[in-house]
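Laboratory data are not the source of any read-out in this text; all were calculated from the coordinates shown. Please read these numbers as outputs of a predicted model, since none were measured by experiment. Cβ coordinates were reconstructed from backbone atoms using ideal geometry, including for glycine residues, and neighbour counts include every protein chain displayed.
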Amino acid sequence: MTTGKSISKHVSHRKQQQQVQRISISLPPKLLEQFDKSMEKAGFKDRSKSIQTALHSFINENDWKNDNTSESGAGVIILHYDNHIYNQDALSTHVQHQYNDVISAATHMHLKGDNCLESIMVKGNVKRIKDLARSLSENRGIKSMKVHFISLI
């Protein structure tokens, strides 16, 4: 037996889900075909959810480029480097100690040969996270670096 309280919570939850705006877009057929294939490979069942996910990624990417320093965010900085070139391990550790206010965790994994993969989970002030990424990228031993950023809403 359900109570009136649980029914009203369920109705309230459904109302929140229904608060959407329908839009119409025009796409070249080839682009839509490619999107549908990618959507299926990613495991999405419908276009709406996959387009929402794509829009969130677009927003996050452009928020990262924005110079608004008062915003907070979270993400991960991924580094691939040769740990024997330019003393990369020590340099990375030294830089990370200067940013312990935004670093939540870090992992280090050994790959083939002297190659290493490091992931640094970050959360906090966007300017500090950007400064950390910039400081890490200045190390000459880094082969590649990627920042995956998520705005905190």
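If you take the square roots of the eigenvalues of the alpha-carbon gyration tensor of region 44-85 and sort them as a ≥ b ≥ c, do you get rounded (a/c under 1.5), prolate (a/b over b/c) or oblate? All intermediate terms of the calculation are to be shown ahead of the outcome.
Working: a/c = 3.70, a/b = 1.48, b/c = 2.49.
Cα axes put region 44-85 in the oblate bin.
May I ask you to give the average projected area over all directions of the convex hull of the Cα atoms of region 25-153, in nm² rounded to one decimal?
Values: hull surface 41.0 nm².
Answer in nm², one decimal: 10.2.
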- line: Restricted to pairs 8 or more residues apart or on different chains, the lysines in region 88-151 with C-alpha atoms under 23 Å apart form a number of pairs equal to 6
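Which whole number of Å³ per residue matches the convex hull of the alpha-carbon atoms in region 88-151? Spell out each step's value before the answer.
Details: hull volume 5.3 nm³, N = 64.
Taking the convex hull of the Cα positions in region 88-151, it is 82 Å³ per residue.
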task: Mind giving me the nanometre distance, one decimal, between the label points for Met121 and Ser137, set 7 Å out from Cα along Cα→Cβ?
output: 2.4 nm
query: Simple spin-label model, 7 Å along Cα-to-Cβ: Leu111 to Lys41 in nm?
result: 2.0 nm
- prompt: Where in region 132-153 does the amide nitrogen come within less than 12 Å of the point 7 Å from the Cα of His80, taken along Cα to Cβ?
  reply: 143-146
Length released on extending from Asn87 to Lys146, taking residue separation times 0.36 nm less the Cα-Cα span: 19.2 nm
